[in-house]
Amino acid sequence: MRNILTVVALLLAYEVAFAADNSAPAEKTFDAPRELKVSVKVIGPYSEPADLQIICLFKHKPSGDTYQGAAKDTDQHLRGLLSALRNRGEFVGELGETFLFTPPSGSIPAKRFMLIGLGDEKDLSLDSLRVVGRIAGREAVRLQAKHVAWAPVIRDEGNTTIEVGEGDRVFIEQLISAYDTEKRFQEQELAPAFSIEDVVIEAGPTYFESAAKQVEEGIESTAAQVGQRSAAPYTSGF
């Protein structure tokens with residue numbers, strides 16, 4: 001009888017563990033200006049089915065670039081494409097440099113993939129991520145990507161200079177600000193109409209709660225700022 005109870009207990013434990021492993025990833029979603037949905041989600045940049053997946057990479061180091069965690073996994077899923085680009089000097093990684101490609105067939109679910117350079121690792125600052133946020137917002141509109149995902153992968157490149165949640169916050173603040181400008185141009189018929197529907201900020205489980213908290217605060221502060229912008233036309237009359 002005791003052996004039967006032991007077997008039953010083990011089976012139940014297995015079922016619980018299996019259910020946990022197959023549960024939906026942790027995610028928190030917030031409403032942002034311009035009917036934009038922003039989520040912080042525990043998922044890797046190789047798993048999110050985005051129209052446009054974005055990651056950041058430091059300037060290439062001749063001594064060798066660091067790939068661990070999500071950065072390493074992403075490079076492997078892309079069949080070594082990231083490391084090949086950097087090792088050949090075809091994506092240097094200067095701050096604000098971009099590289100757009102279509103992932104190899106059957107590699108990852110994202111339709112398009114964009115690299116944004118962070119510059120020299122020693123020069124990394126919150127201002128670096130502010131630049132990245134503005135670029136991400138404008139490029140998503142230019143490429144007409146409705147579903148956008150971003151993973152900084154800074155920790156996975158071996159750098160701990162910036163607290164993860166703080167970096168996520170300044171990124172989304174600048175993305176929202178840039179997107180608001182794009183929408184104002186559209187309203188004044190200075191650009192074709194297009195709307196981003198959602199942005200997913202990808203985070204590791206260790207940083208999820210901090211990232212979600214700071215992203216929510218960043219959305220609230222930026223919503224107040226863009227709400228105070230001038231409604232006057234960008235162009236003057238003739």
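Just a few scattered comments:
- Angle in degrees between helix 164-187 and the longest Cα principal axis of the chain, rounded to the nearest 10: 40
- Accessible area (Å², 1.4 Å probe, nearest 10) - Thr29: 80
- Placing pseudo-labels 7 Å out from each Cα toward the beta carbon at Glu35 and Gln144 gives an inter-label distance of 1.8 nm.
- In the chain, Cα pairs under 8 Å separated by at least six residues give a relative contact order of 26 percent.
- Element breakdown for the range 82-238 at a 1.4 angstrom probe: carbon and sulfur atoms account for 49% of the accessible area.
- Rounded to the nearest 10 degrees, the inclination of helix 2-21 to the longest alpha-carbon principal axis of the chain is 10 degrees.
- Glu90, Glu173, ranked by accessible area, largest first (probe 1.4 Å): Glu90, Glu173
- Between Gln76 and Ser195, residue separation times 0.36 nm minus the direct Cα-Cα distance comes to 39.6 nm.
- Solvent-accessible area per residue in the chain equals 52 Å², computed with a 1.4 angstrom probe and all protein chains kept.
- Tyr207 accessible area, 1.4 Å probe, all protein chains in place, Å² to nearest 10: 80
- Helix 208-227 and the longest principal axis of the Cα set of the chain meet at an angle near 20°.
- Long pairs among Lys72/Lys122; Lys59/Lys146; Lys37/Lys213; Lys41/Lys111, criterion Cα-Cα beyond 24 Å: Lys59/Lys146
- Label selected from (i) 1.06; (ii) 1.09; (iii) 0.93, the criterion being Rg/Rh (Cα atoms, Kirkwood Rh) as computed here: (i)
- Our note on the geometry: Cα centres of the range 195-233 and the range 54-87, 27 Å apart.
The values are calculated or read from the model by the stated rules, or taken from the named source; none is laboratory data. In this text, all values refer to a predicted model and were calculated from it rather than measured experimentally. Reconstructed Cβ throughout: ideal geometry from the backbone, glycine too, with neighbour counts over all protein chains shown. Just the protein is used for accessible areas: all its heavy atoms, side chains included, with ligands, DNA and RNA removed. Shrake-Rupley method; radii C 1.70, N 1.55, O 1.52, S 1.80 Å.
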